[in-house]
Every structure is written in structure tokens, then in C-alpha cells.
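Data first, discussion second: the structure below is written as C-alpha cells.
The values are calculated or read from the model by the stated rules, or taken from the named source; none is laboratory data. If you're wondering where the values come from, they're calculated on a predicted model, not measured in any experiment. All Cβ positions, glycine included, derive from the backbone under ideal geometry; neighbour counts span all protein chains shown. With ligands, DNA and RNA removed, areas are computed over all heavy atoms of the protein, side chains included. Shrake-Rupley method; radii C 1.70, N 1.55, O 1.52, S 1.80 Å.
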Amino acid sequence: MIGKPQLIKLYKFIMDKKKFYKRKIPAWLKRKYACSSDGLPDRCYHTLAVEKFSPAVKKLALADDLLTHEIIIGGRDREDVAHVGLFEVPMTGAKPALDGLKPKVKSQEQAEDLVDDIFSAKPRWQFHFPARQSAIVFASLIILIVPIYLGTAIKNLINTRDAVAASGQSALLHLISAQLAIDQLDIIKAEREFAEAAVNFQIGQRYVQELDPVSSEALQWFPQTRNPLNEGLNLLKTGENLSLAAQEIASGVNALLNSQDDVFMGLQAFQEKLVIAQPRIAQAQASLQNLNLEVLPLPNGGNITDLEEQLPKIQKALDYFTLLSDSLLEILGHDQWQRYLLVFTNNNELRGVGGFMGSYALLDVDRGRIKNLEIPPGGTYDSQGNLMVYQASPKPLQLINPRWEFQDANWSPDFPTTAEKIRWFYEQSEGATVDGVIVITSAAVESMLNYIGPVNLAGYNTIVTSENLEEALQQNIRQARDEGSPTPKQILSDLAPLLLDQITQLDKEKMIGFLDLVHEQLKAKQIVINFSDEDLQQLALALDYGGAVKKSEADYLLIVNSNIAGGKTDQVIDRTYNLTTQVGPNGDIVNTLSLTFEHHGIKGTDIFTGVQNNNYLRVYVPLGSTLISASGFERPNSSLFESPPSYYKQDVQLASIEQTAKFDADTKTDIYQDMGKTVFGNWLRVKPGETKTVTLSYRLPFRFGEISSQGKTVHSLLWQKQSGTMADKFSAQLELPKESLILRKYPDHVIRSGNIFGYQDALKEDRFYGIIFDD
């Protein structure tokens, strides 16, 4: 006998049979019970059960988790019950008494056989062949029919395999092109390539979906189709996730590019789509691990194994854009409005970061919209009257002012340090607390004007272009001062909103180009940014937008020009730098740095450019380097410096620097430590029409061979660009005591001549070169 648990299991078995025959309905059952051709409704099964089970049983509802499934049993034909009835349920009123359930079979196997009989088709005719003849007939049918059918199936499957591989490969090529377009910030092309990839993956899936069931089963029988088609299906599984991700990305890009009226909402939609796309890419990477790309050849004989390399790059790009869009939303005031201090610096008068701080603006942003833009018409000097502290300026600045004030706050070449000082001076001048500081050089503004076109300043009867920006502003400001105007820089207050208006009116393609331009200016350090929020600040530094002095365990160089009382002469000075590194027989490394300055100004023709350039030059080198010699420098007479009164306070950072400071009397060079570097500081004075060269020689704190990678000697140099400088020319060469074998060099255009290696470029941005030697 079988008990209640076995009956429940039996019920599941009946339900499985029901599901099977719902797909394969016997013709006799359709005719007898008028069942539809597309499936067997529950009433057919109920009717069948009524035919086959005891009339004493009206309803059986199994308990527990099977309450949602019912089978109605009962019937009129008492004779059938004796043969196939499974169980009887005594009735208590109108309900079955489950406790009194009495199986009529002795085992579950017997019951399953009976259920098979219930759900089997009843043929209309029955033919009786002896066993031998039956076997012969069946074998003959197999021999005649199967080869004909399978020959056609194999041909179709091979065609399907090729179609799947071709469509999948086409889709992957579009994805790779999209990734390359993202690298180049060609978002329009990326959108198009993602859309094409989605279409090709969908075509590939359609090929497989259109196969008939028998052909699908036959895929597993033949080696001609089994491996390629299985891998093709795996590829389509990868492609399905990729295509869905691509569609989301394309949708997000469309939302972003078509949101000129509300960029914030477009960026928000873009970010949401990227969040949806990311797990799709991750799933594609996971399924790729089970994919054997070697069996999916290209029609032209190539292969698509580079997907394994490209897909992580696509994921990385999406991660980057997701993080960037999320950060941009925060910067634009997604959660709460933000206030930024924009500092406009003139890099024709170089300082530690950018140039002289002539003007600034207070910008309030709320959910992508500018709430407020204030530009003091008197520039940075407007804050002088409100500054409540007296602090001694850095000693070189005491040539013009012993008091450190807001307009001279950007002394340090490390922008995080300078930004903190700018905030401090602004707040000490009764300014508001700000969420970020952004320095924009005049060179960056000129680049923007060159891109968007001229701005018509009708009230000043002038059209400002990239070519005349400096001249137009300087002449107007000088005229206003000569006339005694209390607002000499009002022209900047009037120019800024017109410039912003033209930027916001750019069409989709021009806006993409403008964003690319801003990216270039950030990399060139003509724009540098700093945030109070720690996460945003770390992102700015990671993107190399933060203008920080970088760490380096090998050779390092940063040249900082500070124009003090030298007019706007940096726009007419060409700079050429050369570094020669000599390695001695014992491994000692001596650097000789030559810096040439050519002044193209003409004396007496222009009060801004026709004057002497006074430059306090700072050279940042690896910490612990020792000065050997310095020549060509010229310090101003000490009587020209004004010492601060005794009640002026000393800046904490300046005080810590002075604690390490030394003065080399022979070369008149200041030597101190700053930002984890040794600094050599001295003065250079160049008159209009002159060309001067200064030279520094110093020994590095490590020997050749002490810096290695995987046991191999490495020599490298990180040459940082000062914020605000243009593309100064530089060259570097390494001289070894003997020829050595090399394993690798970077970049490729490092040249070699015997034991001498050379590298030259323009300092448009930070530069790095390195060589790995085969010891």
C-alpha cells in the first residue's frame, strides 16, 4: 500500500504528464472532447478524469503546497474503475474525507503505469504484426526517411551556424568601434555603433529561434554543427546582454545629447541608463568565461578573441562614465545647491597656479541651473578693504607687498594647497564658504572664444574674439582706471553672462566639441578644479584635473615661474628646457638643467610686454637632491624688498618651509623642502630683446640600479607642467658609462645612440619617459 506522501508524489507525476500531453495532444482526445488545437484546456483533463475514475470520488484537493493544483475525478463508467481506478475518497457530506483516503493500487510503480495508460492516445485502428515483421518495417522506415530528412537539416544547420557567427562578429566589431569612439569622446559615433551592435545581436538570435524543434535537437548529434552552433548560442547569450546594455547606453546618450534646454535632466537620465547597463555588461563578462571563441572563425579568416580584451575596457569605460555622471550631478546641485568660487587668472603674468588672480566670480548652481553669478567690478582688489587679518607674504612677493592678500593667494604650485589658501583669504575677507574653487586662465577663455565665436559687447562698442581678448580687456580696464572709475573691471562682469549664453546655445554636435575642448584645457592645466567634498576631490585628482604636485619614487622635475612686477611679459617669452642626466661608473646620477628664456617684447612700445620680466624661478626635484652649482641667475637688490611689520602673522605652511630652508651663499640659491620635494629657488631677470640661459647642476639622492622593476633596473623621469604655461619645449637625455641592453622604452620615440638615450617633446601636459634595462 502507498500512503499520503506517495500520493502527493504521484499527483506531481500526473501533473507532469498533463504538461507533456498539453504539448502533444492525441488526435482521438481532440475529437472526443472537442479540445482546441493549440493546447488541452483543463476541462479536457477533468473530463478525462471523470471517464477514468470511480463515480464515488467527486473531488480530491491535495493539502499543503499542492492546494493550488486540483484534479477533479469521478465518472459514469463503473467498468473502467475496476481496471484503472487509483484511489477512492469517502465523502463526508459534500467534501472528500482526506483522512479516509484509500489507495486501490499496491505500489507507486503500478500507479504510474495506470496514469500512463490514462494519458496515452487511443488509436482508431489497431494492426497486429508479429514481432519480427514489426522490427523489419520499423528499420526500413528509419533507413529510408532519416537520411533524407537529416541531410536537409544538416545543410540548414550549417547555414544557420555561419549566419549566427557572421551576425555575432559584426555586432562585436560595432561594440569595439563604440569603445574606441568613447575613448575619443566621439559620443555620436558611439551611439551609432551601439545601436548597430544591438541590431546584429538580435538578428543572430532570430536565426536560432527560427530553427524547428527537431533541427535544434539534431545540433547535438553532428560534430559539423554541435561545437560551432553551441558556441554561437553562447556568443548570443553574451551578445544578448551586450545588446541590451547597448540599447540602454544609446538611450542615455540620446537623452543627454537632446537636453540643451535642461542639461541636468539629460545627465540624470544618462546616469540612470548607465546604471541599468552596467550589470548587463558584467553578465556578458561572466558568460564569456564559458565561450570558446576559437571555433567561431571570421568569414575572412580572422578571429574574434579580442572580445576578451575589449569587453573589460567597455566595462571600465562605463564605470568611468557612471562615476563621472554621478559626480557631475552632485557638482550641479542634485541634492542641494552648490556655490563655487571661479578665479580668472592671467597666465601672461605667471604665478604658482595659472597666473595673476585679476578677477573672480561667485557662482551658485541648483539642479543644473545658474541661480546667481556675481563678478565684482573691481576684481580681486575689491576684497582688500574687507580683509581682517595681517599675514606676512612669501619672501619673493615682498618685492611688491609685505602683506599677503587675496590677489596673491596662488603662490604654491600645488593646487590643493593653493585652493585652500584662496578659500581662507576669501572667507577672511567676509566672503561666503564655497563648495569648490575653479581656476580658469586667460588662455582657456581664448580657446573657448576661438571655438564658439566672437562675443559682441555692444555697450563697449567692441567685439571680443580669441585674438583680441587680452588687448580689449587691458585697454578698457586701463581706460577705466585713468578715468577714476570705481569699477575698472566692469567689462568682465558684462562679458561673462554673454559668453555663458553663447555656450548654452550650442547645438548637439558643437556642444560635444566644446566639452572635448574643456577636457583638453583640464589636461593642459589651463583649468584646474578643487572641491570641498572629499569624494569629488579624489575624483578630480584621479582624473588629473586637480593640479596637484605628484609623487614619484624616481627622477622628477617641475619648473615654476613666478612673474613679480614683470608686467604681462610671459606672453612674449619663449622657454626652452634641457635636462642632461649623467650616470657615473659607481652609479651616481648628476642632473644638469639648462633653461633658456627669449624675450620678444620691444621696449617702450607696450607697457604690458615691453618691460623687464622678473621671475622667481623654483625647481622641484627629488627629495634629498644636493645642489652642485648654479649660474646665470640675478637677484634683485635687497633694498627693493619690504619687510613685514613685526605684528604680521606667519603662515603655518610658510613657517614649516622656512624651517628647512638654507641659503647657498656661493650661488645665492634658496634651498628648502616643499610637497615632498627638494626645491631650488633663484631669480631670473630678462629685458626686452634679451635671451638668457641659467643652469643648475644637482646630484640625485639615489644611484643607478637602486630603482628596479621585477629585478630589472629602471630609469624614468616625470616632468610636470606648471599650470598656466603654454607648450614650452624641452628635451632630456640619459648618458650611461657604457652601452647596456634594454628590454623596453616608453614612449616609443625615445631615441638611442650608443650609450646615450634622448627624448624631446612639448610640455602641453605632464610628460613621462622611462627605460627598463636588461641587467
Report task. Would you kindly identify the helices (runs of 4 or more DSSP H) lying entirely within region 391-502 that contain at least 2 residues that are modelled with pLDDT of 95 or more, among the aromatic types (Phe, Trp, Tyr) and within 30 Å of Gln338 (Cβ to Cβ)? Result -> 415-428
Query - Residues of region 642-666 satisfying the condition of being hydrophobic (A, V, I, L, M, F, W, C), without any contact (Cβ under 8 Å) to a residue 12 or more places away in the chain and either open to solvent by 80 Å² or more (accessible area, probe 1.4 Å) or within 23 Å of Ser629 (Cα to Cα) (or both) - result: Val652, Ala661, Phe663, Ala665
Query raised in the report: List pairs: first in region 671-684 and part of a strand (DSSP E or B), second open to solvent by less than 30 Å² (accessible area, probe 1.4 Å) and among the small types (Gly, Ala, Ser), Cβ under 9 Å, 6+ apart or cross-chain?
Result: Ile671/Gly681; Tyr672/Gly681; Asp674/Ser412; Lys677/Ser625; Thr678/Ser625; Phe680/Ser625; Phe680/Ala630; Asn682/Ala630
Query raised in the report: Within region 695-756, which strands (runs of 3 or more DSSP E) (wholly inside it) include 3 or more residues that are assigned by the TED database to the domain that holds Thr596 and modelled with pLDDT of 95 or more?
Result: 712-720, 728-735
Query raised in the report: Is it the case that region 570-588 has a residue that's charged (D, E, K, R) and either at pLDDT below 95 or in contact with a helix residue (DSSP H, G or I) (Cβ under 7 Å, 6 or more places away or on another chain) (or both)?
Result: no
**Report entry** Residue check for Gln315: modelled with pLDDT under 85 and of a type outside the set (A, V, I, L, M, F, W, C)
**Finding:** yes
Report task. Return the pairs, sorted by first residue and then second, in which the second residue is small (Gly, Ala, Ser), the first residue lies in region 340-352 and is over 20 Å from Ser383 (Cα atoms), the beta carbons are less than 6 Å apart, and the residues are 6+ apart or on different chains. Result -> Asn347/Gly354; Asn347/Gly355; Asn347/Ser442; Asn347/Ala443; Asn347/Gly724; Glu349/Gly355; Leu350/Gly724; Gly352/Ser412
Report summary line: Taking region 757-775 and keeping only residues that are outside any loop (DSSP other than H, G, I, E, B), open to solvent by less than 60 Å² (accessible area, probe 1.4 Å) and not hydrophobic (A, V, I, L, M, F, W, C), one is left with Gly758, Tyr759, Asp761, Arg767, Tyr769, Gly770
Requested in this report: Could you pull out every one of the strands (runs of 3 or more DSSP E) wholly within region 562-626 that has 2 or more residues that are open to solvent by less than 10 Å² (accessible area, probe 1.4 Å) and over 30 Å from Asn401 (Cα atoms)?
Outcome: 573-583, 589-599
Query raised in the report: Looking only at residues in region 375-393 that are of a type in the set (A, V, I, L, M, F, W, C) and in contact (Cβ under 8 Å) with a residue 60 or more places away in the chain, which one is least open to solvent (accessible area, probe 1.4 Å)?
Result: Ala392
Query raised in the report: How many of the residues making up region 532-545 are buried (at least 16 other Cβ atoms within 10 Å of the Cβ) and part of a helix (DSSP H, G or I)?
Result: 5
Query - Output for region 667-676, where each listed residue is more than 19 Å from Ser629 (Cα to Cα) and open to solvent by less than 30 Å² (accessible area, probe 1.4 Å) - result: Asp674
Requested in this report: Hey, can you tell me all the residues within region 627-641 that are surrounded by 13 or more Cβ atoms within 10 Å (Cβ to Cβ) and in contact with a helix residue (DSSP H, G or I) (Cβ under 8 Å, 6 or more places away or on another chain)?
Outcome: Pro636, Phe641
Query raised in the report: Which residue out of Asn372, Asn401 is under 36 Å from the mean Cα position of the chain (by Cα) and open to solvent by 20 Å² or more (accessible area, probe 1.4 Å)?
Result: Asn372
Requested in this report: Could you tell me whether Ile529 is surrounded by 16 or more Cβ atoms within 10 Å (Cβ to Cβ) and in contact with an Asp or Glu (Cβ under 7 Å, 6 or more places away or on another chain)?
Outcome: no
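Results for (1) open to solvent by 50 Å² or more (accessible area, probe 1.4 Å); (2) closer than 30 Å to Ala565 by Cα; (3) in contact with a helix residue (DSSP H, G or I) (Cβ under 6 Å, 6 or more places away or on another chain), shown as yes or no for each residue.
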| position | (1), (2), (3) |
| --- | --- |
| Thr678 | no, yes, no |
| Asn682 | no, yes, no |
| Val694 | no, yes, no |
| Pro701 | yes, no, no |
| Phe704 | yes, no, no |
| Gln710 | yes, no, no |
| Met726 | yes, yes, no |
| Gln733 | yes, no, no |
| Leu736 | no, no, no |
Query raised in the report: Within region 257-271, is there a residue that is at pLDDT 75 or above, within 21 Å of Asp507 (Cα to Cα), surrounded by fewer than 19 Cβ atoms within 10 Å (Cβ to Cβ) and over 18 Å from the mean Cα position of the chain (by Cα)?
Result: yes
Query raised in the report: With respect to the numbered conditions (1) closer than 30 Å to Ala661 by Cβ; (2) out of contact with any strand residue (DSSP E or B) (no Cβ under 9 Å at 6 or more places or on another chain), which one is the sole condition not fulfilled by Gly459?
Result: (1)
Report task. Considering each of Ser485, Ser466 in turn, give the residue that is under 20 Å from Ser359 (Cα atoms) and touching a residue at least 12 places away in the same chain (Cβ under 8 Å). Result -> Ser466
Query raised in the report: Can Val549 be described as among the hydrophobic types (A, V, I, L, M, F, W, C), part of a loop (DSSP other than H, G, I, E, B) and outside the structural domain of Thr433 (by the TED database)?
Result: yes
Report summary line: Of the residues in region 418-451, those that are within 27 Å of the chain's Cα centre (by Cα) and open to solvent by 30 Å² or more (accessible area, probe 1.4 Å) number 4
